[in-house]
Amino acid sequence: MAAPTGKRAGMAGAEGTTGQGRGGMSAERRRRVRLEVSREASRLFWTQGVEATSGDQIAAAVGLSTRTIWRHFRSKESCAEPIVMSSVDWELDTLRNWPLGLSLEDHFRAEALRHGREATPTEREDIALGIKMIRLGDSEPAIRTAWLMACDQVERQMAEIIAKRLGGEPDDVEIRLHAAAAGAALRVLNEHVGAGLLDGASPEDFLGTPERIAHAVRRATGGAVGDPVTGGTG
């Protein structure tokens with residue numbers, strides 16, 4: 001069955017994001033279904049290639065009808081988006097929970113240790129799959145689009161995080177410039193680390209990555225983002 005196109009495709013893509021879907025599916029249930037489909041699609045994309053993978057194969061792998069797949073995704077390539085986003089979810093959660101009174105380096109260091117202790121096997125597998133999809137994007141433009149869409153979400157959320165710390169608004173030009181620079185730094189580091197791991201580097205080679213991320217954000221924003229906020233505790 002071919003992927004939906006035009007207006008129907010747009011509706012299918014939007015249905016998986018907000019409100020109650022067809023049949024009254026809750027937002028949380030819809031999120032879980034999309035993530036499971038994304039896992040299976042990403043595995044197929046990685047093992048046999050995007051062109052060789054069909055919507056029918058993705059549906060069979062996850063135990064759903066092909067029609068249901070197209071109710072959640074606008075195309076087979078877009079099935080990679082939730083897994084790609086999972087590769088940066090930890091970084092975003094860390095930034096969202098960054099206390100005002102703590103430097104970015106100290107916060108990232110502490111959160112990296114916590115994540116290392118608490119991450120579930122499924123979370124680790126999702127991150128590994130996300131890294132593979134980012135790498136696959138080097139040769140598959142449609143998968144690259146999924147990664148760049150994730151980066152756009154990172155940038156938008158970075159604007160809110162930076163605005164909170166600097167006392168501005170997310171749509172202020174200076175805030176947006178800082179967010180764009182910080183987001184680009186995160187993108188480059190994620191691509192660099194992911195490529196290294198897939199090329200056979202040892203995870204121990206990247207033990208300093210959390211601090212490196214913090215340093216990259218600090219440098220990219222000209223030092224505007226990274227320090228504790230005076231008088232800040234929350």
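The values are calculated or read from the model by the stated rules, or taken from the named source; none is laboratory data. These numbers were taken from a predicted model, which means no experiment stands behind them. Counting neighbours? That spans all protein chains shown, and the Cβs are built from the backbone with ideal geometry, glycine included. Areas reflect the complete protein model, heavy atoms only, side chains present, ligands, DNA and RNA absent. Shrake-Rupley method; radii C 1.70, N 1.55, O 1.52, S 1.80 Å.
I'm trying to understand the selection: among the residues of the range 198-216, which are hydrophobic (A, V, I, L, M, F, W, C), surrounded by fewer than 17 Cβ atoms within 10 Å (Cβ to Cβ) and assigned to a helix (DSSP H, G or I)?
Pass one, the range 198-216, residues hydrophobic (A, V, I, L, M, F, W, C): 198, 201, 206-207, 213-214, 216.
Next cut, surrounded by fewer than 17 Cβ atoms within 10 Å (Cβ to Cβ) only: 198, 201, 206-207.
Correct list: 198, 206.
Residues checked against (1) closer than 14 Å to residue 218 by Cα; (2) among the basic types (Lys, Arg):
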position: 146; (1), (2): no, no
position: 155; (1), (2): no, no
position: 158; (1), (2): yes, no
position: 165; (1), (2): yes, yes
position: 170; (1), (2): no, no
position: 176; (1), (2): no, yes
position: 179; (1), (2): yes, no
position: 186; (1), (2): yes, no
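Checking the conditions here, which among 109, 124 is part of a helix (DSSP H, G or I), over 18 Å from residue 218 (Cα atoms) and open to solvent by 70 Å² or more (accessible area, probe 1.4 Å)? Talk me through it step by step, then tell me what you get.
Values: 109 fails: over 18 Å from residue 218 (Cα atoms).
It is 124.
Which members of the range 36-60 meet the condition of being farther than 18 Å from residue 130 by Cα and touching a helix residue (DSSP H, G or I) at 6+ places or on another chain (Cβ under 7 Å)?
Start the filter on the range 36-60 by keeping residues that are farther than 18 Å from residue 130 by Cα, which leaves 51-52, 54-57, 59-60.
Across the range 36-60, the qualifying residues are 55, 56, 57, 59.
Give 175, 134, 143 a once-over and let me know the one that is in a helix (DSSP H, G or I) and more than 15 Å from the chain's Cα centre (by Cα). Don't jump to the end; show me each part of the working.
Working: 134 fails: more than 15 Å from the chain's Cα centre (by Cα); 143 fails: more than 15 Å from the chain's Cα centre (by Cα).
Matching residue, one of 175, 134, 143: 175.
Kindly list the number of the only condition in (1) surrounded by fewer than 18 Cβ atoms within 10 Å (Cβ to Cβ); (2) under 21 Å from residue 50 (Cα atoms) that fails for residue 132.
The one condition residue 132 does not meet is (1).
Looking at 70, 98, which is the one that is touching a residue at least 24 places away in the same chain (Cβ under 8 Å), aromatic (Phe, Trp, Tyr) and within 22 Å of residue 146 (Cα to Cα)?
70
Among (1) charged (D, E, K, R); (2) within 19 Å of the chain's Cα centre (by Cα); (3) modelled with pLDDT of 95 or more, which single condition is residue 169 missing?
That leaves (2) as the condition not met.
Whether any residue in the range 181-195 is at pLDDT 90 or above, surrounded by fewer than 15 Cβ atoms within 10 Å (Cβ to Cβ), in a helix (DSSP H, G or I) and among the small types (Gly, Ala, Ser) is what I want to check.
Yes: one or more hits.
Name every residue in the range 151-172 that is assigned to a helix (DSSP H, G or I) and farther than 17 Å from residue 85 by Cα, in order of residue number. Break it down into steps so the answer makes sense when it comes.
Start the filter on the range 151-172 by keeping residues that are assigned to a helix (DSSP H, G or I), which leaves 151-166.
159, 160, 161, 162, 163, 164, 165, 166, listed by residue number.
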